[in-house]
1. I'm told TRP182 meets every condition in (1) buried (at least 18 other Cβ atoms within 10 Å of the Cβ); (2) of a type outside the set (A, V, I, L, M); (3) closer than 25 Å to SER323 by Cα except one. Can you identify the failing condition by its number?
2. Check ILE316 against each of (1) in contact (Cβ under 8 Å) with a residue 12 or more places away in the chain; (2) aliphatic (A, V, I, L, M); (3) out of contact with any helix residue (DSSP H, G or I) (no Cβ under 8 Å at 6 or more places or on another chain) and name the one condition it does not meet.
3. Just checking, does the stretch 300-310 include any residue being in contact with a helix residue (DSSP H, G or I) (Cβ under 9 Å, 6 or more places away or on another chain) and modelled with pLDDT under 90?
4. Look through ILE280, ILE244, ILE267, ILE248 and report the one residue that is in contact (Cβ under 8 Å) with a residue 24 or more places away in the chain and among the β-branched types (Val, Ile, Thr).
5. Only one of VAL89, VAL125, VAL144 is surrounded by fewer than 21 Cβ atoms within 10 Å (Cβ to Cβ), in a helix (DSSP H, G or I) and β-branched (Val, Ile, Thr). Can you tell me which?
6. What do you reckon, is PHE240 aromatic (Phe, Trp, Tyr), under 18 Å from GLY276 (Cα atoms) and surrounded by fewer than 18 Cβ atoms within 10 Å (Cβ to Cβ)?
7. From the list ARG54, ARG62, which one is of a type in the set (Lys, Arg), free of Cβ contacts under 8 Å to residues at least 12 places away in the same chain and more than 30 Å from THR333 (Cβ to Cβ)?
8. How do the helices (runs of 4 or more DSSP H) wholly within the stretch 244-352 filter down when requiring 3 or more residues that are aliphatic (A, V, I, L, M) and surrounded by 15 or more Cβ atoms within 10 Å (Cβ to Cβ): which remain?
Amino acid sequence: MGMETTIPAIDPMPLPAPFWLFKLLLVLTFILHIVVMNFMFGGGLIAAFTALFRKKNENNHRLFKDITPKIPSLLAATVTLGIAPLLFVQVLYGQFFYTSSILIAWPWFLVLVLLTLAYYGFYIVSFKEDKTSRGIGWVMLISVFLVFLVGFFYSSNFTLMNAPGSWSAKYFQDPSGWNLNWSEATLIPRFLHFLVGSIAVGSFLIIATGLFRWKKEQEYARFLITRGGKWFMYATMVQFVVGIWFLISLPREMMLQFMGGNMFATISLLIGIAGGLAAIFIMSNGIRNEDPRKPVMLAMGITGIVVIFMAIIRDILRTAYLSPYFKAGELATKTQLDVLILFLVLFVIGILVWALMIKRYFFTPSAKTAE
């Protein structure tokens with residue numbers, strides 16, 4: 001079976017905006033989605049670990065009590081913000097994404113089931129009055145594990161999407177819809193790269209809670225900032241190891257993109273490495289200061305820049321994988337200027353409103369979730 005019969009034809013419906021704009025929006029909305037997802041997964045994992053494996057004391061109990069009510073809303077935000085990048089992927093790479101989704105049909109269907117069960121678990125923990133029992137900690141950990149499975153299914157789908165050359169063999173070998181792309185060398189390191197990164201960035205939920213409480217409860221705020229800072233440093237150190245594994249697991253031609261073959265990709269990788277090292281150093285010194293707020297916020301800002309470049313690297317890698325099968329110039333474009341302007345205006349307003357809601361709902365000490 002030839003490649004031309006394996007990959008479905010491009011959707012003849014023209015794009016309502018230029019290709020580059022859709023690419024920009026895809027990367028931008030993915031960054032928004034991944035940051036909130038990291039807060040939800042990383043924050044939830046740290047809270048569950050604290051409840052189950054840390055010494056029982058007032059600070060650990062308060063950490064669990066303060067963080068867990070935020071997780072259900074963060075899961076809702078993760079799903080909502082994940083819709084946009086998923087739609088942009090479908091618009092630009094629909095023939096690849098739909099095919100890979102069919103090949104892993106059953107795990108892809110299970111995403112909704114797992115998210116629903118995780119949602120219930122998070123709400124059980126959130127509404128439970130007594131948060132001191134180990135049982136409630138296990139409910140939290142199980143819910144986080146369900147989200148872990150969802151992330152693995154996503155990694156399986158998107159690595160399979162990037163490998164059209166393997167579709168026919170995988171389908172005829174097993175047409176059941178359970179192809180999780182285990183044979184892909186980059187699957188595990190790619191998934192772990194997201195997983196460990198989510199713990200590093202998720203620690204910022206702990207830190208941010210401490211920052212917003214600094215003026216009223218300095219001792220407890222310092223505990224939160226220190227605890228979150230240590231999680232960030234350790235996770236980022238592990239991330240370097242996983243990142244090297246991910247890099248060397250890439251096909252040679254893809255790996256060389258980041259070794260000078262593609263200057264923008266190489267510079268993006270160097271910025272990510274330098275930024276990660278700088279953030280660890282600044283965070284390490286910051287949490288030992290009498291007032292850690294400024295250095296900690298600087299480390300968080302640098303990490304934000306790293307996240308942006310990691311998202312760009314992800315897009316560069318997808319483009320490289322699909323370049324033999326996909327040319328942007330083949331997509332017809334018919335710009336709908338009035339609709340485009342309206343969309344961009346509403347998009348910017350929505351981001352501003354969303355940021356304000358996040359600040360008031362999650363980090364205002366008087367908010368119900370922080371009581």
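The values are calculated or read from the model by the stated rules, or taken from the named source; none is laboratory data. Predicted model only: the values in this text are computed from it and were never measured. Note: ideal-geometry Cβ built from the backbone for every residue, glycine included; neighbour counts use all protein chains shown.
1. All conditions pass for TRP182, except number (1).
2. Of (1) in contact (Cβ under 8 Å) with a residue 12 or more places away in the chain; (2) aliphatic (A, V, I, L, M); (3) out of contact with any helix residue (DSSP H, G or I) (no Cβ under 8 Å at 6 or more places or on another chain), only one is false for ILE316: (3).
3. Looking through the stretch 300-310, none of the residues is in contact with a helix residue (DSSP H, G or I) (Cβ under 9 Å, 6 or more places away or on another chain) and modelled with pLDDT under 90.
4. When all the criteria are applied, what remains is ILE280.
5. Answer to the check: VAL89.
6. The answer is yes for PHE240.
7. Of the residues listed, the single one that is of a type in the set (Lys, Arg), free of Cβ contacts under 8 Å to residues at least 12 places away in the same chain and more than 30 Å from THR333 (Cβ to Cβ) is ARG54.
8. 263-286, 293-322
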